[in-house]
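The values are calculated or read from the model by the stated rules, or taken from the named source; none is laboratory data. Model, not experiment: these values are computed from the prediction. Cβ atoms come from the backbone with ideal geometry, glycine included; neighbour counts cover every protein chain shown. Protein only, heavy atoms only, side chains kept; ligands, DNA and RNA dropped before computing areas. Shrake-Rupley method; radii C 1.70, N 1.55, O 1.52, S 1.80 Å.
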Amino acid sequence: MILVGFGYDVHRLVEGRPLILGGCRIPHTRGLQGHSDADVLTHAVMDAILGALGKGDIGRHFPDKDPSYEGADSLHLLARVMEWVGADRYRINNLDTTIVAQAPRLMSYIPAMEENLARVLRIPAERINVKATTTEGLGFAGRGEGIAAYAMVTLTAESPKADQGPGN
């Protein structure tokens, strides 16, 4: 069985916060506001996975009212989501994402983002696609007010172990 999930997240850009995307600290004059590290890319990935599993969204599992998640590293939260993937006997097949930001330019950071996500998702980086786009100056992202991310993931049921086949 193949499951498909879609995720979306957006955060406001503010002074005095680091900009974290896909677990990478990116030099910029502003960072994303949020209870955790506000990593919109990783948050969109978590929502996509939770959606595929039918387990709600990150707000249900990691509420911003819970002080234990204040400043949390989103890659660590993603690792917790991956525990549920394994417990439900699925594995990530592939991941496709898009970051929407007018600035900063992200192309040089994309390979590191893909590697960070691959490590936590336990799949080859070649099965992860991170894209970045601007909005040509339109909307909140175009005005530099925030950054958004979209993610689509497919999960595949784990195949039975070879030693559990007929006659074993």
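Roughly to the nearest percent, how much of the accessible area of the chain is carbon and sulfur, given a 1.4 Å probe?
The C+S portion of the solvent-accessible surface of the chain is 52 percent.
What dipole magnitude, in Debye to the nearest 20, does the range 74-162 give about its Cα centre under +1 on Lys/Arg Cβ and -1 on Asp/Glu Cβ?
180 debye
Kindly report the accessible area of the range 48-168 per residue (heavy atoms of protein chains, probe 1.4 Å, no ligands, DNA or RNA), in Å².
55 Å²
Kindly provide the Kirkwood hydrodynamic radius of the chain in Å, to one decimal, from all pairs of distinct alpha carbon atoms.
Radius from the Kirkwood sum: 16.4 Å.
Nearest 20 debye, what's the magnitude of the dipole of the chain about its Cα centre given +1 on Lys and Arg Cβ and -1 on Asp and Glu Cβ?
The calculation lands at about 120 debye.
Is the C-alpha gyration tensor of the range 57-112 telling us rounded, prolate or oblate? Criteria: a/c under 1.5 is rounded; beyond that, a/b larger than b/c is prolate, otherwise oblate.
oblate
Report, in cubic angstrom per residue, the convex hull volume of the C-alpha atoms of the range 77-168.
Taking the convex hull of the Cα positions in the range 77-168, it is 108 Å³ per residue.
Quick one: accessible surface of Arg17, probe radius 1.4 Å, all protein chains present, in square angstrom to the nearest 10.
80 Å²
Can you compute 3J(HN,Hα) from phi for each residue in the range 126-134, using the Karplus curve 6.51 cos²θ - 1.76 cosθ + 1.60 with θ = phi - 60°, rounded to whole Hz and x for Gly and Pro?
In residue order, the calculated couplings are 5, 9, 10, 10, 10, 10, 10, 9, 9 Hz.
Kindly write out, for the range 53-64 in residue order, the coupling ³J(HN,Hα) from the Karplus curve 6.51 cos²θ - 1.76 cosθ + 1.60 (θ = phi - 60°), rounded to whole Hz, with x marking Gly and Pro.
Once rounded to whole Hz, the list reads 7, x, 10, x, 9, 5, x, 6, 8, 10, x, 6.
Which length gain, in nm to one decimal place, applies between Glu145 and Lys65 when the Cα-Cα distance is subtracted from 0.36 nm times their residue separation?
Contour length minus Cα-Cα distance gives 26.4 nm.
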